[in-house]
Amino acid sequence: MIGVLADNIYSPLGSTSEQNYSAVKSGATGLRTADAFGLGQPITASLFPDGQVDADFDAITADCDMTKFEKMLVISITDALSRCQVDASSPRTLFVISSTKGNVDLIDRPGFDSSLAASAEKIARHFGNPNTPVVVSNACISGVNAQIVAMRLLQSGQYDHAIVAGADAQSRFIVSGFLSFKALSPDECRPFDADRIGLNLGEAAATIIYSARPLADGWNLAAGAVRNDANHISGPSRTGEGCYRALQTITQGVDPEEIALVNVHGTATPYNDEMESIALDRAGLASRPVNALKGYFGHTMGAAGILETIMSMHSLADGTILGTRGFGSTGTTRTVNIDAANRPASGSAFIKMLSGFGGCNAAILMRHGAPTESFVSGACARATSHTVKITPDGAWVDGEPLLTTATGADLITELYRAYVKDYPKYFKMDPLSRLGFVASELLLQKCPEAEADDSRAIILANRTASLCNDLCYQATISDDNYFPSPALFVYTLPNIVTGEIAIRNKYYGETTFYVLPSVDEAQIKSLVEASMQDPATRSAIAGWLECPSADDFLAELTLYEKSTNPA
Amino acid sequence: MDNLVKELKEEIIKVLNLEDITPEDIDETAPLFGEGLGLDSIDALELIVMLEKNYGIKLEDPAKGKEIFQSINVMADYVANNRKK
């Protein structure tokens with residue numbers, strides 16, 4: 001359990017949490033319908049007016065070497081820091097950044113490093129922080145996932161404070177992809193409504209500053225879990241499997257009556273909201289008040305989990321459950337307790353949940369007031385002797401070389417044909433997923449079976465996220481040849497590979513993808529140890545999985561096991 | 001029509017990365033989704049893009065795809081009657 005010291009929301013509705021909360025409480029929305037990004041059709045989205053982010057940034061700092069995405073984060077973090085006594089430059093303070101696509105609109109700018117790792121380091125250095133920032137890039141659940149990671153790293157005793165900040169800026173890249181998925185509503189979205197037809201995208205940054213010490217009179221992050229559907233890389237589970245399991249994990253021992261609010265993802269796509277209604281019903285939460293905030297902010301992607309957590313904290317502190325703008329009549333097979341109007345709230349705890357591509361789902365339990373003793377976790381991880389390494393020139397399993405003849409991308413397919421054979425979906429995967437899939441298959445052929453279907457986590461990291469496939473997708477949205485490919489777009493998230501491995505092995509446990517500046521075994525081990533704080537996790541497939549281009553890659557995976565003693 | 005059927009089969013194999021499947025393997029009367037080729041919702045979206053790119057056919061409602069992608073023969077009929085290029 002960790003305590004909330006300060007927070008900020010920076011969105012088109014306001015520059016502070018308070019401004020955003022009062023705007024939403026009064027029924028305002030950031031959604032506007034307009035032509036944007038040269039797509040030849042109007043979209044409904046919540047976007048910053050041109051020039052606003054630059055002007056807001058220039059008002060607080062003279063640091064000029066930043067992109068719009070990075071400026072949004074700096075603006076949000078600066079305000080949150082001004083509201084507490086946390087020393088951002090202390091080695092005992094960690095930056096945890098959440099984003100799905102970061103600077104994706106700049107991937108083809110010559111000489112520019114568009115990696116999320118580069119952005120995160122720039123931001124940490126801006127605030128004088130000496131630590132390597134942790135970036136969580138786990139599709140739409142990133143913002144909740146980042147808070148869970150922060151909780152675990154604070155509970156490991158390594159840090160006193162964590163600055164958890166998430167953001168995404170919208171771009172032609174992202175909007176065209178959602179259009180190709182037929183996932184956008186041309187009008188304002190209608191979460192959980194019978195006539196919902198899709199989502200709206202939004203821009204925002206949001207920050208929560210956490211303390212390792214829980215607060216007796218304040219909000220605390222009490223529990224969190226990430227679970228995979230093990231079903232499909234883009235379609236939500238028809239049984240709400242991963243979402244239900246995440247909810248079940250965080251509500252163990254909790255009386256449902258204590259829960260004042262469940263703030264759902266509520267994207268307003270037909271399948272997401274239906275899935276969430278099933279998961280809530282299965283988790284015994286159907287009677288609890290539910291709301292969704294996408295009708296005010298749109299889907300703010302990497303910011304959503306943090307922004308919506310903050311809105312929920314502020315609304316409950318104000319004794320209010322915010323109305324679900326856009327909802328009219330029940331449109332899910334399981335009835336949930338949802339209302340378009342603001343309602344009075346009672347209770348000292350709430351749940352924030354999210355689901356995303358790659359089959360990932362995350363949920364956290366936030367609680368007001370708690371014992372003030374810091375919780376220190378003793379969870380440790382031990383690297384087993386089971387390892388896989390694949391480079392463009394060869395492959396090694398448990399240190400022994402495999403006999404291969406091909407090199408580069410052909411090597412991965414040679415390994416697939418020799419050691420996997422029966423999974424034609426391999427040929428649909430992007431190069432990063434092919435690499436991770438084949439590496440995990442080689443590793444698992446040597447490993448003992450997982451103890452339970454949710455006991456093996458998949459924890460992967462790299463520097464360039466899904467850059468290789470991002471460039472392939474980018475080629476399908478040029479002005480003179482605009483045919484955005486949904487099959488490529490779905491792989492423009494680095495965590496899809498974790499979903500592919502989960503689907504193949506029917507692993508319902510945690511799946512998380514991190515973006516880090518470089519291969520750092522100690523850092524990866526510390527993130528694996530963090531994942532072992534989940535009560536279900538007993539082992540993890542973890543390591544570095546980098547693939548900046550189809551012929552340039554490195555996979556170094558290890559099977560880790562939970563242990564109680566540091567090793 | 002035979003040429004269009006063959007062309008569609010080749011194009012489907014290409015855009016959906018159906019490795020190790022030849023045009024002869026695809027039964028033009030069999031359902032494209034569900035059993036058979038094991039295609040999924042992303043494949044359906046990709047076929048919608050293919051119809052627009054190759055034949056100038058714009059499908060705004062993905063549900064319409066379900067009708068058109070019943071089989072190669074149904075798809076060929078639809079393309080022949082609605083193609084703009």
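Quick grid of which residues meet (1) at pLDDT 95 or above; (2) β-branched (V, I, T); (3) closer than 30 Å to A:P535 by Cα; (4) surrounded by fewer than 22 Cβ atoms within 10 Å (Cβ to Cβ):
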site	(1), (2), (3), (4)
A:S119	yes, no, no, no
A:G128	yes, no, no, yes
A:A139	yes, no, yes, no
A:Q147	yes, no, yes, no
Item to complete: May I ask you to list the residues in segment A:38-83 that are more than 22 Å from A:T300 (Cβ to Cβ) and surrounded by 14 or more Cβ atoms within 10 Å (Cβ to Cβ)?
Response: A:D63
Discussion item. Just checking: which of the strands (runs of 3 or more DSSP E) contained wholly in segment A:377-468 hold 2 or more residues that are more than 14 Å from chain B (Cβ to nearest Cβ), more than 21 Å from A:I233 (Cα to Cα) and touching a strand residue (DSSP E or B) at 6+ places or on another chain (Cβ under 7 Å)?
Written reply: A:380-391, A:394-397
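Given the criterion within 18 Å of A:N228 (Cβ to Cβ), surrounded by fewer than 23 Cβ atoms within 10 Å (Cβ to Cβ) and polar (S, T, N, Q), identify the matching residue among A:S455, A:S433. Reasoning before the result, please.
Values: A:S433 fails: surrounded by fewer than 23 Cβ atoms within 10 Å (Cβ to Cβ).
So the residue among A:S455, A:S433 that is within 18 Å of A:N228 (Cβ to Cβ), surrounded by fewer than 23 Cβ atoms within 10 Å (Cβ to Cβ) and polar (S, T, N, Q) is A:S455.
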Item to complete: Restrict the check to segment A:206-218 and report whether at least one residue is crowded, with 20+ Cβ neighbours inside 10 Å, hydroxyl-bearing (S, T, Y), away from every other protein chain (no Cβ under 14 Å) and out of contact with any His (no Cβ under 8 Å at 6 or more places or on another chain).
Response: yes
Worksheet entry | A:A6 touching a residue at least 60 places away in the same chain (Cβ under 8 Å) and in a loop (DSSP other than H, G, I, E, B) | no
Worksheet item: Which fully enclosed helices (runs of 4 or more DSSP H) of segment B:15-85 have 3 or more residues being out of contact with any strand residue (DSSP E or B) (no Cβ under 6 Å at 6 or more places or on another chain) and within 8 Å of chain A (Cβ to nearest Cβ)?
Response: B:41-55
Item to complete: Hey, can you tell me all the residues within segment A:142-188 that are small (G, A, S) and within 14 Å of another protein chain (Cβ to nearest Cβ)?
Response: A:S176, A:G177, A:S180, A:A183, A:S185
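The values are calculated or read from the model by the stated rules, or taken from the named source; none is laboratory data. None of these values were measured; they are calculated from a predicted model. Reconstructed Cβ throughout: ideal geometry from the backbone, glycine too, with neighbour counts over all protein chains shown.
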